[in-house]
Every structure is written in structure tokens, then in C-alpha cells.
Amino acid sequence: MKLNLKWQVLLAVLAIGLVVALVLLRQRPADVSGVVVSGVAPAADCGTPSPVSGGVFVEGMVGAPRFLNPLLSDPYPVDREIVDLLFDGLTRYDAEGNLVPALAESWSVSEDGRTVRFTLRPDAVWHDGEPVTAEDVAFTYSLMQDEAFPGLSGLKLLWQAVTIRQEDERTIVFELDEPYAPFLEATTRGILPAHHLEGVTAASLPEATINRQPVGTGPFMVAPDQDWQRTHRLRLLPNPDYWAGGTQIDAVEIRFYPDETSMLQALVDGELHGVNGISPVALPVAASIPDLRLFTSPAPRYSALLFNLTDSGFTGLQDVSVRQALAYGLDRDLLVDRVLNGQAVPLEGPYLPVSWAYNPVLLTPYATNLISATTRLDEAGWILPEGQTVRQQDETLFQVRLLALNQPTAQAVAAEIGRQWGEIGVAVLVETADSLTEFRQMLAERAFDVALVDIAPPVDPDLYDFWSQEAIVRGQNYAGWNHQRASEALEKGRQVWDVAERRPFYDTFLRFYMRELPALTLYQQVYTYGMSNSVHNAEIGLVVRPRDRFATFADWFLLFREATTDCE
């Protein structure tokens, strides 16, 4: 889906473009025997360029990976992006949110719901040509059972409750203590090759060579002798077992940049063919670059405001009518237009529209209503004294700490929220976390009143680890929402396998969630990819997972043979 900017934005973009990029010089290597060239193809009226195999597609990305390992990549966005290109799990989700086979050929669940049996594909092979076996699966998941496993603690807790049994070379069995429907999503995690990890333990996994020279089963494989930590470049080769019909382009090289400004400058300088993940605030600059096409797609994540309902937060937020007032006092459409250049999708509630638990009938649309906002605040005892700009109750000012990551888009969104809430008499102090690690720590310590968070919800609608009572202590219920009936609904919903049986429990949870409003969803994010016109026959559609941007990679080409056609 191509970008559709409003005409007002386009006028601004054109003005910016005259300053930012007067001339974009595309890489155009010398002609091979005067025929084969790269760059922008001749006009269609003069003939169609004939593809010639060869060339390297160069993509820019902000940040740098730490571990090219599916067991260690969760906390690091760049790691997750690249790992998805390299590894497969037993299963995967398709664009409609359905679980489908990947390395597994099929699976079944026992009648008591406690045993899940997978049969592997007979043709599955690693990048080095060795067959994928049940031993690889058992080895991978057993690493997460080890007490010394250095990855996310939630993974360890999950897998320590599972008994893994290898029946034969192609059959792996998981025995659960009790029925647990979200378990199937855990099987989408990438599998590691046991024969490349001999002698590696869970404790030594971060130092393993495979983190730097990974061997997987995905559509791309790491080229030999890569030192991306030093060069800030990673070359990937198309996996011939995945691209059965071959590709026109020889390789993909990912280059890592410290920030978006330097990445876009590299694009202007002709060093890149594509840029992965353009932020909304950088969109006008990107749109002004000549010969750059922008592709947009709804992203599988959303932004929300998390209210701290514990005693460590602003006590006024414990009143649901106050939280509703803040929701009515926020013009989310204006926020999206003003800060995100229109690049976001309206959304209510904790589920994305692709989830089977998404039920629009049960969603409360908190559309902007300043009268409702001010009335609720007045009734809750937060009065705006004459001549003052901040509401107060007795001697307490209505002033909240808004926690946001030190990142351009997050800071711009936080500033706009502060401006809008200021108009209804709520003072906002934006507090900044300089890193994801610091941000997560402040969430865990509940060192905030309101937090601006980006959420990539699980495809399975189980939100027990986010909103249950237990998750207040051992989970990610950072809001501290303590609601027994909502928690019970989440617990029961994970104990049955059939969707029809699970749905009523999640409907119950959703009713309480929308009524109590422990968090306010702002919008569903939009993913934007920029690609130079020097890449021919390239299209990017819906991007649900990182590898989806290369779904049509086999059709792309950089080199072509110019046709000698009389334009007249």
C-alpha cells in the first residue's frame, strides 16, 4: 500500500525537498560492454528493461544487532528484525492471524489438552544442508528450561513447566502440566541447529559463535566471514532452498546507522537502495527525496498511555472517572495529524483488528469531548480556580509525570499530549528514559504516573501476563490494575483450546477493560519502507513480520539490459 499524504503535507514536503535534496545522484556503475547498467530504467515508452542477474541490494537500518539468536533477540528490535530473516519456528502466523506450519508438517493436541505432538517436514534443511531433526527442536527448547538461561525470564518459566520428549527423528512431543492454549504461539520461536552448538550451555549461549555467524533455515543466510560488529554491515545471501526459482539479486547488505538522520543522508548520497522503518516524524524529509517510493502498511503494534493505579502514582488516577476525563480530553486524530503526519490508524482497546478476540461491539469509543472531560474532572473534585491554569483538589495540583522514551517520535507525541491536557487544566511533566533498558526499569519500578508505551501484543489474545492480578507482582501489569473478575476471565481463557470456547472469556475481559480503562490506546502504528527507483519490479505489501518486506524479492532486479527502441 503506497503512502497517501494529505495535500497540505505535500506542499510542505515540496518546500523541504528544495532545500534537503537538490539533486539525488544514483549509483550508476559503468556499463558492462555498453549494455548492462544499473540505476533508473529508461521510460516505458522506449521499451521495457530486460533483467540481468547480479548486484547487491543495500538496506539501511537504525541501530545495530547484538545477538543473531532467536532465544536472545527479544529485548532488541534490530536483532528481532534480522533473526526473522534467518530462522524459522515449528509454526508461524499468516497475515490473517492463523497458525500455520513452518518447520513442522503437522501437529495435534490430545483429548485432555496436555500433550502436543509435532511432526517435522521431511524436506526441512539448515543453511549448511544438514537436515532439521527433532533433536534440534529438543535442544533449542531445553536451553530455555535451564536455570542459567540468560534470556527473558518469562521464557524460562514457560518452558520449565513443559516436558520435552523426542520420539524419533521427525517427532517431538510436549507435555504440559495443564491445558494451556497460548503454548502454540511459543512454537513460532526460531529453532537452533544442535550440531553447531556442541558443548554450548544456556549460561554460555551469549558467547557462542552462532550469535555472530548464525545458521538457520529462513529465506536468507549470513555470508561467510562477516564481522558486522566492526564494519556495521551484514551481508545476507538468498537461501536457495527457500527461493526455489532463484533470485535476480545476488545478496542483501544491511548497513547499520546510529540515527535516522544519518541513514536518510546515506540514501540521498546514493549509498542505499532501501531504508527500513521510516518514522512518522521523518516522513516529510523522506517524501522529499527524489526517486524514492514509500510503501506503508499497518504495523502489528500500537501506542498507548498506561495509567499507574498504584500508590506510587498520582492518586487522582485511581478514580476511573478521572481516567475517562483524560481520554475525552485527548484529540487523538489531531495528535496523529499534527505529530505523525497522518501515519497511524485509529484503534480502541488492547487487541489489534486481526485478532479473533477483537470485538468492536464491546469497545467504548473515547472520542474527543471536552465538555465530558471537564465535567468529569469537576465532579471528581478537581476544580480549576479562577485565573489559574492547573486544576487542584484541596492543596494538591493536578500534575502528572508522563514517561516517554528518548526517541523523536515518542518525545513529539508526549509533548502534544501535554499540550492538549494542559487545555483542560492538567499539568504534564514529561520525564525521559534514555534507553529501552532504563524505560523498562522505570516501568517495573512504577516510577511514572502515565507512561507512553509501544505494545506489540501476542497474536494469541492471552494477556494474562499483562493484566492479571498475578502479573502485578510477577509480570508486566505495570499499571497495577487489580481487577479480580477480569483476571479470572484471562485465567480461564488460557485453559481451553477451542476458539469458540475461549471467546466468551475474552469478551468478559474486554468489557471490564474498557469500563475501567487502565490504559488508553492512542493508535495503531504504521510501518513505512522507502525504496529507490533504481530497484526494479519491487513491491511491498502488508508487512506482518520483518521478512514480509522481501515477499516479492525474487522479482526484484538492479541490473538490466537497455532496449534499443525507437521512441517515435
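The values are calculated or read from the model by the stated rules, or taken from the named source; none is laboratory data. Because the structure is predicted, anything quoted here is derived from the model rather than measured. Cβ: placed from backbone, ideal geometry, glycine included. Neighbour counts: every protein chain shown.
For Pro284, the criteria (1) in a helix (DSSP H, G or I); (2) not assigned by TED's automatic domain parsing to the domain that holds Arg255; (3) not hydrophobic (A, V, I, L, M, F, W, C) hold in every case but one, which is (2). The set of residues in segment 148-180 that are over 23 Å from the mean Cα position of the chain (by Cα), part of a loop (DSSP other than H, G, I, E, B) and touching a residue at least 24 places away in the same chain (Cβ under 8 Å) comprises Ala148, Phe149, Glu169, Arg170, Asp177, Glu178, Pro179, Tyr180.
For segment 70-79, the condition holds for at least one residue, the condition being that it is within 18 Å of Ala208 (Cα to Cα) and part of a helix (DSSP H, G or I).
For Ala414, the conditions (1) outside any loop (DSSP other than H, G, I, E, B); (2) out of contact with any Ser or Thr (no Cβ under 7 Å at 6 or more places or on another chain); (3) closer than 24 Å to Ser153 by Cβ all hold with the exception of (3).
Any idea how many residues of segment 33-76 are out of contact with any strand residue (DSSP E or B) (no Cβ under 8 Å at 6 or more places or on another chain) and at pLDDT below 90? So the count comes out to 12.
Only a single item in (1) touching a helix residue (DSSP H, G or I) at 6+ places or on another chain (Cβ under 8 Å); (2) outside the structural domain of Thr364 (by TED's automatic domain parsing) is not met by Val544, and it is number (1).
Annotation: of all residues in segment 467-523 being assigned to a loop (DSSP other than H, G, I, E, B), among the aliphatic types (A, V, I, L, M) and touching a strand residue (DSSP E or B) at 6+ places or on another chain (Cβ under 9 Å), the one that is farthest from Asn308 (Cα to Cα) is Leu517.
Scanning segment 118-141 for residues that are surrounded by 19 or more Cβ atoms within 10 Å (Cβ to Cβ) and among the acidic types (Asp, Glu) yields one hit, Asp136.
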